[in-house]
1. Here are some conditions: (1) over 30 Å from Leu118 (Cβ atoms); (2) at pLDDT 85 or above; (3) surrounded by fewer than 15 Cβ atoms within 10 Å (Cβ to Cβ). Leu81 meets all but one. Which one does it not meet?
2. Quick check on my filter: what residues within the stretch 160-179 are crowded, with 21+ Cβ neighbours inside 10 Å and either in contact with a Lys or Arg (Cβ under 8 Å, 6 or more places away or on another chain) or not assigned by TED's automatic domain parsing to the domain that holds Pro213 (or both)?
3. Out of Thr177, Thr159, Thr188, Thr258, I need the residue that is outside any helix (DSSP H, G or I), closer than 19 Å to Leu406 by Cβ, among the β-branched types (Val, Ile, Thr) and within 25 Å of the chain's Cα centre (by Cα). Which one?
4. Can you give me the number of residues within the stretch 162-174 that are modelled with pLDDT of 90 or more and assigned to a loop (DSSP other than H, G, I, E, B)?
5. Which one of the conditions (1) assigned to a helix (DSSP H, G or I); (2) touching a His at 6+ places or on another chain (Cβ under 9 Å) does Ser308 fail to meet, given that it meets all the rest?
6. Got a sec? Which of Lys38, Lys20, Lys87 is touching a Phe, Trp or Tyr at 6+ places or on another chain (Cβ under 6 Å), surrounded by fewer than 14 Cβ atoms within 10 Å (Cβ to Cβ) and charged (D, E, K, R)?
7. Scanning the stretch 199-215 for residues that are assigned to a helix (DSSP H, G or I) and polar (S, T, N, Q), which turns out farthest from the chain's Cα centre (by Cα)?
8. Looking at this structure, is Leu228 surrounded by 19 or more Cβ atoms within 10 Å (Cβ to Cβ) and either on the phi > 0 side of the Ramachandran plot or in a loop (DSSP other than H, G, I, E, B) (or both)?
Amino acid sequence: MAATLDLLGLRLIKSLLKSKDFSLLVDLGFKEDLLLGKKVLTAYQWIQEYVTTRGSWPTDSAVEFDCKVSLPGTVEDASYLVDLLKKRKLTIEISKTVEKVARNIDDNNPDEALADLLRFKLDATTGASGSVLSLKDTGIARVIAYDAKKAGSFEGILTPWAEINAAIEGFMDGTLTVILGMVNTGKTWLACVLANYALNQKKKILVVTMEMPSIRILRRLDSIRYKLPFGALRNADMDPSIKDRWKKQVEEDAKDLTSDLLVVDKTSVRTVTDVFRLTIQHAPDIVIIDGGYRFEGTQKSNWESTVSIVGDLQRYAELSKIPWVVTSQYGDADETGKAPKGKHTPKMRMWGARYGKEWVINPDVVLGLYAEAEDRALKQLHIYMLKIRDTDEDAMQEYLTIRWDLTSQSFESLGDPKATKPEEKIEVKFE
């Protein structure tokens, strides 16, 4: 019978009965799923119920009699035993992962095999598979966080606009933000604006462009960061004095910047897993992806691929414990990419994402970009706050209007917009 029992678990139960202290196991990070033997788990739970109902601890003989187990004669250190249990469980999980990887390799699916290894590595090293927060123990930390927010400080990485920061509290660790926009609305430019602003906060940024070569993203970043007229920069037609100023500022950044901004394009990245691999390699503070809908999915149909892409984006944001910000396309119900038609059509609908509703179901935050011809003439862009999981619905404004001037590189807020007309009422979903 002893061969069928979880002997390591019985040794821990013996130590527990000696110490008469469940809190010791909690401090050591012990969880019931470390006890693999059914009889041992039953004995552990029986002891818990005994102590709870009677207010005293059972004897060794009582445990052996009622639970039909045989306890060891010696008592060992609880920390040593918990460590052994954790290592045993890790060994079992490694074996399962290796088996799954081997099956994917046999099926000629190396990308998924690598994804399994990466998921396991991050789960094992970060404890992302599950952590417990105590209401009691974290109370003071929550009060301190409140005071910091009241003083104007946010936990997340900030955007250039106070209105959005107030709504989303900055880009928070482990969250996925999706930015939707029509073709040529300014999604790539906005991604660059956000990346440069994060760099000014001394953050390390990984920018992934699925839309254009990395060098073109760097040119846009040059234009934004050093206030260069983009048309003249692109055509190599800048005033010599502006070019000299640019060169001087670039040299100063090379010497003084304490962080960095890394850019990779679709020649090196094809899947979301590829991006996740880069986060492990380079340890950025935030990932900004332009054109997330262009990733290769793991399924054949467009919808199934979208489900797998958005699901991976959400999962990897959570596992890497940093913010992921991704742009995707907005279109009409037929997914043609054209703007909604009709006089009474809302400017920006919640469910207008192309390729699949998963682009708005999964993310923590969804922002929408909108600009009509008159807005472009006025050099304005509207940012609609379509979805924010944790916000004050009554206090959140529907959209923000910002300056959108690619010559002067001005993107400041133009203040609270006027109330929208009834026929322009925005369809917003909150969770």
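The values are calculated or read from the model by the stated rules, or taken from the named source; none is laboratory data. Bear in mind that the values here come from a model prediction, so they are computed numbers and not experimental data. Here the Cβ is made from the backbone with ideal geometry for all residues, glycine too, and neighbour counts use every protein chain on show.
1. (3)
2. Once the filter is applied, which keeps residues that are crowded, with 21+ Cβ neighbours inside 10 Å and either in contact with a Lys or Arg (Cβ under 8 Å, 6 or more places away or on another chain) or not assigned by TED's automatic domain parsing to the domain that holds Pro213 (or both), the stretch 160-179 yields only Ile179.
3. Testing whether each residue is outside any helix (DSSP H, G or I), closer than 19 Å to Leu406 by Cβ, among the β-branched types (Val, Ile, Thr) and within 25 Å of the chain's Cα centre (by Cα) leaves just Thr159.
4. The qualifying residues number 4.
5. (2)
6. Just one listed residue meets the conditions, Lys20.
7. Looking at the filtered set, the residue picked out is Ser214.
8. yes
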